[in-house]
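Undergrad: This structure is in C-alpha cells; I'll ask about it shortly.
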C-alpha cells in the first residue's frame with residue numbers, strides 16, 4: 001500500500017520511521033505546513049514532498065495523520081471522502097462534531113478510519129488483559145482500577161490539556177476492559193490544563209481513579225487493577241506486569257514488542273478487511289465523550 005504521513009512533529013516522525021520500516025507499505029509522500037521540514041524528511045526517506053492535501057489524492061492508499069488535534073478533521077475528512085483510509089492520532093478530535101464528521105466521511109466513502117490509541121498495543125497491556133480475562137472467567141470480579149500518568153515538566157508545546165493528552169489513554173482502556181457504564185465522575189479541586197485527578201464510579205460498583213500530570217516532580221506511569229482474587233500492577237514505562245495472588249507477587253514476562261509498529265500493522269490489516277484491535281472512529285468518539293465529561297467536571301471545558 002502507498003502511504004503518506006501528515007504532520008512531521010515529534011509523533012509524526014515516529015510514524016515516518018514506522019512506515020519506512022513496514023514491509024507491506026511504501027512511504028511515498030510526506031506533508032507538513034513547514035515546507036523546509038517537509039522537503040528535508042522527503043529527501044531523507046526518498047518520498048515526495050507534498051504541499052497540499054489535493055496532491056495526495058490518487059497518490060496514496062492510506063495516510064497517518066499526526067497534526068495538532070484541532071486540525072484532525074480538516075485533514076482527515078477530505079482524504080476519507082476521496083477513499084484514502086486514515087490512521088488518526090489520538091484523541092480523535094477536539095469536538096464531538098469533528099469526530100462525527102470523520103466517522104460519517106469514512107462510512108459514506110467506504111474508507112477505513114482508525115484512531116491511534118497506541119496503549120492498546122503495549123505488550124504489558126496485552127498480557128494483563130489476557131490474564132485478567134482468565135481471572136474473570138474463573139469467577140473473579142473487578143473491584144477497583146487506578147491509573148497514573150505523571151510526567152516531568154518539559155519544554156514541549158501541547159495542543160490539548162492533560163485529560164485529552166494523557167488520561168484519554170486510560171479512559172479508552174477502561175472502555176476496552178468493559179467493566180460497566182460510568183454513572184458518576186468526581187474531580188479533585190485544583191485541576192489545571194497540565195494536571196487532573198478524577199474518580200469514576202461504574203454501574204457495576206467498580207471505582208476507577210485516574211491521575212495525570214505534565215508537571216510532576218517524579219515520573220510514574222502505571223495501572224493497578226484489584227479483583228476479588230488477585231491484583232495486577234503494570235508499569236507502562238518498563239512494560240512489566242506483576243500479578244499478586246494470596247499476597248505472593250509474581251513478575252510476568254512481557255514480550256519486547258514495539259506498540260507503534262504493531263498498531264500500524266493492525267491498521268493495515270483493517271484496511272484490508274481483517275479484524276483489528278486498532279480503535280475505530282466510534283471507539284475514539286466514545287473515549288472523547290468520556291474525556292469531555294471528566295474535563296467538564298474538572299472545569300477544563
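The values are calculated or read from the model by the stated rules, or taken from the named source; none is laboratory data. Bear in mind the structure is a predicted one, so any value in this text is a computation, not a measurement. Every residue, glycine among them, receives a Cβ derived from its backbone with ideal geometry; neighbour counts consider all protein chains shown.
Undergrad: Looking at 237, 227, 188, which is the one that is at pLDDT below 95, assigned by TED's automatic domain parsing to the domain that holds residue 292 and more than 21 Å from the chain's Cα centre (by Cα)? First the steps, then the outcome.
TA: Details: 237 fails: more than 21 Å from the chain's Cα centre (by Cα); 227 fails: at pLDDT below 95.
Being at pLDDT below 95, assigned by TED's automatic domain parsing to the domain that holds residue 292 and more than 21 Å from the chain's Cα centre (by Cα) holds for just one of 237, 227, 188, which is 188.
Undergrad: Which count do you get for residues in segment 1-10 that are touching a strand residue (DSSP E or B) at 6+ places or on another chain (Cβ under 7 Å) and either assigned to a loop (DSSP other than H, G, I, E, B) or surrounded by fewer than 18 Cβ atoms within 10 Å (Cβ to Cβ) (or both)?
TA: Step one: filter segment 1-10 for residues touching a strand residue (DSSP E or B) at 6+ places or on another chain (Cβ under 7 Å), giving 1-8.
Subsequent filtering for residues that are either assigned to a loop (DSSP other than H, G, I, E, B) or surrounded by fewer than 18 Cβ atoms within 10 Å (Cβ to Cβ) (or both) retains 1-2, 7-8.
The qualifying residues number 4.
Undergrad: Tell me which residues, restricted to segment 23-33, are at pLDDT 95 or above and out of contact with any strand residue (DSSP E or B) (no Cβ under 6 Å at 6 or more places or on another chain). If you could, list the steps in order and put the result at the bottom.
TA: Initial filter on segment 23-33 (at pLDDT 95 or above): 25-32.
Once the filter is applied, which keeps residues that are at pLDDT 95 or above and out of contact with any strand residue (DSSP E or B) (no Cβ under 6 Å at 6 or more places or on another chain), segment 23-33 yields only 32.
Undergrad: Filtering segment 17-50 down to residues that are assigned to a loop (DSSP other than H, G, I, E, B) and in contact with a helix residue (DSSP H, G or I) (Cβ under 7 Å, 6 or more places away or on another chain), which residue is surrounded by the most Cβ atoms within 10 Å (Cβ to Cβ)? Please lay out each step first, then the result.
TA: Pass one, segment 17-50, residues assigned to a loop (DSSP other than H, G, I, E, B): 22-25, 32-34, 46-47.
Those left that are additionally in contact with a helix residue (DSSP H, G or I) (Cβ under 7 Å, 6 or more places away or on another chain): 22, 24-25, 32.
Values: 22: 16, 24: 11, 25: 20, 32: 23.
Taking the candidates together, the pick is 32.
Undergrad: Taking residue 196 as the residue in question, decide whether it is in a strand (DSSP E or B) and either closer than 26 Å to residue 20 by Cβ or without any contact (Cβ under 8 Å) to a residue 12 or more places away in the chain (or both). Spell out the reasoning first.
TA: Values: in a strand (DSSP E or B): yes; either closer than 26 Å to residue 20 by Cβ or without any contact (Cβ under 8 Å) to a residue 12 or more places away in the chain (or both): no.
No: the conditions fail for residue 196.
Undergrad: Continuing with this model, one more query. Assuming residue 256 fulfils every condition listed in (1) at pLDDT 95 or above; (2) surrounded by fewer than 16 Cβ atoms within 10 Å (Cβ to Cβ); (3) farther than 21 Å from residue 174 by Cα apart from one, which condition is it?
TA: Checking residue 256 against (1) at pLDDT 95 or above; (2) surrounded by fewer than 16 Cβ atoms within 10 Å (Cβ to Cβ); (3) farther than 21 Å from residue 174 by Cα, the one that fails is (1).
Yes/no matrix, rows are residues, columns are (1) touching a strand residue (DSSP E or B) at 6+ places or on another chain (Cβ under 7 Å); (2) free of Cβ contacts under 8 Å to residues at least 60 places away in the same chain; (3) not assigned by TED's automatic domain parsing to the domain that holds residue 38:
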residue: 76; (1), (2), (3): yes, yes, no
residue: 107; (1), (2), (3): no, yes, no
residue: 147; (1), (2), (3): yes, no, yes
residue: 175; (1), (2), (3): no, no, yes
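Undergrad: Taking residue 85 as the residue in question, decide whether it is modelled with pLDDT of 95 or more, surrounded by 23 or more Cβ atoms within 10 Å (Cβ to Cβ) and closer than 27 Å to residue 295 by Cα.
TA: Values: modelled with pLDDT of 95 or more: yes; surrounded by 23 or more Cβ atoms within 10 Å (Cβ to Cβ): yes; closer than 27 Å to residue 295 by Cα: no.
So residue 85 does not fit the description; no.
Undergrad: In segment 99-129, what residues are farther than 22 Å from residue 145 by Cα and over 17 Å from the mean Cα position of the chain (by Cα)?
TA: Initially, segment 99-129 is screened for residues farther than 22 Å from residue 145 by Cα, giving 99-116.
Matches in segment 99-129: 100, 101, 104, 105, 106, 107, 108, 109, 110, 111.
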